[in-house]
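Input: a single structure, listed below in structure tokens.
The values are calculated or read from the model by the stated rules, or taken from the named source; none is laboratory data. Not measured: the values here are computed from a predicted model. Quick reminder, even Gly has a Cβ in these numbers, built from the backbone with ideal geometry, and neighbours come from all protein chains shown. When the accessible area is computed, the model is the full protein with side chains, heavy atoms only, and any ligands, DNA or RNA have been set aside. Shrake-Rupley method; radii C 1.70, N 1.55, O 1.52, S 1.80 Å.
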Amino acid sequence: PQQSNWHVWTEEHVRSTFHKRFAGAHKGTFGTGLLLAGTDEMPGSSLLAAKGAIKSGIGKLTIGTTRFVSGILAGQLPEAMYKHDGLEAVGEGDVPNGIKACAIGPGLTDQKKTDRALEHLFAAELQLVIDAGALKRRTYPKRKGSVILTPHPGEFSRMIDVSASQIQKNRFHYALSYAEEQGVIVILKGRYTVLAFPDGCLLVNPTGNAGLAKGGTGDTLTGMLLAFLCSEKDVKSAIANAVYFHGASADSWAQKNAERGMLASDVSENLPFVMKSFE
Ligand code: APR
Ligand code: MG
């Protein structure tokens, strides 16, 4: 890497930025998040992201998805609230009040509806995570909150029109150039996930293993990012810690189990155990 201001986000960084919940906290302390995810064909994406968010300590979670998916999820996630046909509602300008952060994309396939929702989300004052079906080649407006993009190399390839193999040869360069040009935060996923910030800062995550190379684990990360953005003040350490714990939970799980058998929901289930040793 040519950039001089990159460093590994180590366990020590996490320990100095991740804190126990203070005793007088209430649910408002940890923010309300909006998750726009899931279609009738991919209902699991919203479930996995929501589990990642709830197991990471989000104050309140509203899931905007189809009525069919809400019906499937409600029994499994009694902790969440639902906004029926949330993607369409936000696309018509109905962004719920009091939302601290929004994550959009897991399981979404309708480009038009997604773009319409994003227009209103860009205009709203909230932290915004854009993943999976909501990622595409576009430019980003100047706005109040951060825009955080979470592509895997294939998605990043479509966004910047550079082949995935070329990107993999110079992950730092492509992630940082795009972050600086567009004024967004890029989380370029894969082994040693890279976090690139518009101020030129570049962080590398050391955790995670090949058990994560499996459908759904990215959705879990998106939910975790949503929760950390809702409950932490500093955006940089919030998202670096979310990425760190996602991998650390997988690493801890793999100490007793074969990586091949790891589920995205195992990563979420194991989070409280892993976080305990950091409190
Ligand atoms: N080592 C460490 N981490 C890994 C490894 C590895 N070998 N392989 C994968 N990971 C991590 C990535 O860093 C990332 O956090 O697992 C996660 C995988 O995320 P995605 O690639 O987004 O996977 P997925 O959950 O299946 O995405 C769901 O969204 O991205 C689209 O096309 C995708 O439709 C699919 C959906
Ligand atoms: Mg994904």
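Just the number please: accessible area per residue for the chain, 1.4 Å probe, all protein chains included, in Å². Before the final figure, lay out each step's value.
Working: 12470 Å² over 279 residues.
Value for the chain: 45 Å² per residue.
Highest first, please rank the peptides 55-67, 39-51, 12-24 by the mean number of other Cβ atoms sitting within 10 Å of their residues. Provide the component values of the computation, followed by the final result.
Numbers: 55-67: 22.2, 39-51: 24.0, 12-24: 11.5.
Descending packing order for the listed peptides: 39-51, 55-67, 12-24.
For the range 2-160, give the magnitude of the charge dipole about the Cα centre (Cβ charges: +1 Lys/Arg, -1 Asp/Glu; no others), in debye to the nearest 20. Kindly include the intermediate steps, with their values, before the conclusion.
Values: 20 positive and 15 negative charges, 87 e Å.
Charge dipole of the range 2-160: 420 debye, to the nearest 20.
How would you order 74-83, 182-191 from highest to lowest mean count of nearby Cβ atoms within 10 Å? Let's see the in-between values first.
On the way: 74-83: 14.2, 182-191: 21.0.
Highest-to-lowest ranking by the protection proxy: 182-191, 74-83.
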Quiz item: When the Kirkwood hydrodynamic radius is evaluated over all pairs of different C-alpha atoms of the range 6-273, what value in angstrom, to one decimal, is obtained?
Solution: 18.3 Å
Quiz prompt | Distance cut-off 17 Å, percentage of C-alpha pairs in the range 1-86 lying past it | solution = 57 percent
Quiz item: How would you order 124-131, 163-170, 135-142, 204-211 from highest to lowest mean count of nearby Cβ atoms within 10 Å?
Solution: 124-131, 204-211, 163-170, 135-142
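Could you list, in their original order, any pairs among Lys189/Lys236; Lys27/Lys55; Lys214/Lys276; Lys60/Lys83; Lys51/Lys100 whose Cα atoms are separated by more than 20 Å?
Lys214/Lys276
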Quiz item: Going by the alpha-carbon gyration tensor, a ≥ b ≥ c the square roots of its eigenvalues, is the range 119-222 rounded (a/c under 1.5) or, if a/c is not under 1.5, prolate (a/b greater than b/c) versus oblate?
Solution: prolate
Quiz item: Considering only Val129, Trp9, Ala238, whose Cα is most displaced toward the positive end of the charge dipole of the chain, charges sitting on Cβ of Lys, Arg (+1) and Asp, Glu (-1)?
Solution: Trp9
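For the range 48-90, how big is Rg over Rh, using alpha carbon atoms and the Kirkwood form of Rh?
Details: Rg = 10.0 Å, Rh = 10.5 Å.
So for the range 48-90, dividing Rg by the Kirkwood Rh gives 0.96.
Carbon-plus-sulfur fraction of the accessible area of the range 6-273, 1.4 Å probe, in percent? Before the final figure, lay out each step's value.
Details: 5940 of 11600 Å².
So the carbon and sulfur contribution to the accessible surface is 51 percent.
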